[in-house]
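Throughout, read-outs are computed from the coordinates displayed, never taken from laboratory work. Computed from a predicted model, the values in this text were never measured in an experiment. Positions of Cβ are generated from backbone atoms using ideal geometry, with glycine treated the same way; all protein chains shown enter the neighbour counts.
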Amino acid sequence: MTLHDVLLLLGGVVVLYLYDSALLLYHNEIVLVSGRKGCRVSGGSTLELRGRHVYLPNPLCPHRPLFRLNWPEHGQFSGSTKPVPSRRIVVALSVIAPWTLLLLFILAIGLPYTLLVLQSAQALLVWLAVVYAVIILTLLHVYWHRKALNLSGRAVATIALDSLLCAPFALNIVRKIGLRQRFDGDLRVVAATRLSPQAVNDLAGILHQRIHASLHFVEPDAPAFEALKTYLHHFEGLRE
């Protein structure tokens, strides 16, 4: 295998991983990124594709769960006031997360080492066997914790099929499980229970930009206009 072929293969792995990682967020959606030091929020980039905001998570942190949340388009929340995500989901994902980090190491370090240093078909076969052994062990943990993760058998099968057919897609297992969760929680409760002061500031900034844009499409005398302004003022009052 020539250097050109090796670079093409490595580039293909990276492209597949990033493609599978990217999200398209609606105007009233944010992503909650769970981490060791608390949660962060993002509304995606200013780049839009088909009217939705492109979001690319940190490629070096596939172990951090992502949760998709939104705010009411008309400013009136009528769902649950429970904080999200639940501790049960976070704990179950924390068991799976180390396996994705191990897989990242095997792909990012092990594959270049195998192709550029060892340079043998036998070494590549061993590397491939290790990759799929880790993927299978990760999927077994997903299956064992499927109830805590609110996953049906069909959902587990879908995740498993993606991961087994394309190894780089397996890096996003934790993210995909988090994004499959369905929450109807109030962002005001999330801000009060899950977010640091900096994250609250970030959320308020996103809402300020997006809701002000939405107000241009609402009649000033409509109930939704005042409801959206009231909803926004709540977050602006939390900003430092």
Discussion item. What do you get for the angle between helix 87-105 and the principal long axis of the chain? Use alpha-carbon atoms, 0 to 90 degrees, nearest ten.
Written reply: 40
Worksheet item: So for region 149-205, Kirkwood radius off the Cα pairs, Stokes-Einstein at 37 °C and 0.692 mPa s: how many µm² s⁻¹?
Response: 241
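Using a Förster distance of 25 angstrom, determine the FRET efficiency expected from the C-beta separation of residue 88 and residue 22, and round it to 0.05.
Efficiency at R0 = 25 Å is approximately 0.35.
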Practice prompt. Rounded to the nearest 10 degrees, what's the angle between the helix 121-144 long axis and the longest principal axis of the chain, both from Cα atoms, 0 to 90?
Written response: 40
Worksheet item: Once phi is turned into θ = phi - 60°, what whole-Hz ³J(HN,Hα) does the Karplus curve with 6.51, -1.76 and 1.60 give for every residue of region 202-208, x standing for Gly and Pro?
Response: 4, 5, 4, x, 5, 5, 4
Discussion item. Given the -39500 (n - 2.57) contribution per DSSP H run of 4+ residues, what per-residue ellipticity at 222 nm results for the chain, rounded to the nearest 500 deg cm²/dmol?
Written reply: -17000 deg cm²/dmol
Worksheet item: If amide H atoms are built 1.01 Å from N in the plane of the peptide, which residues on other chains or at least 5 residues away come under 5 Å of the amide H of residue 71?
Response: none
Worksheet item: Going by a ≥ b ≥ c, the root eigenvalues of the Cα gyration tensor, does region 12-68 fall in the rounded group (a/c under 1.5), the prolate group (a/b larger than b/c) or the oblate group?
Response: oblate
Worksheet item: Residue-wise, which Karplus ³J(HN,Hα) couplings in Hz belong to region 16-32, taking 6.51 cos²θ - 1.76 cosθ + 1.60, θ = phi - 60°, and x for glycine or proline?
Response: 4, 5, 5, 4, 6, 7, 5, 10, 10, 9, 5, 4, 9, 10, 10, 10, 9
Worksheet item: What is the log10 of I(q)/I(0) for the chain, computed with the Debye formula using one identical point scatterer on each Cα and no solvent, at q = 0.11 Å⁻¹?
Response: -0.65
Worksheet, complete the sentence: Residues whose built amide H sits under 5 Å from the amide H of residue 151, excluding neighbours closer than 5 in sequence, are none
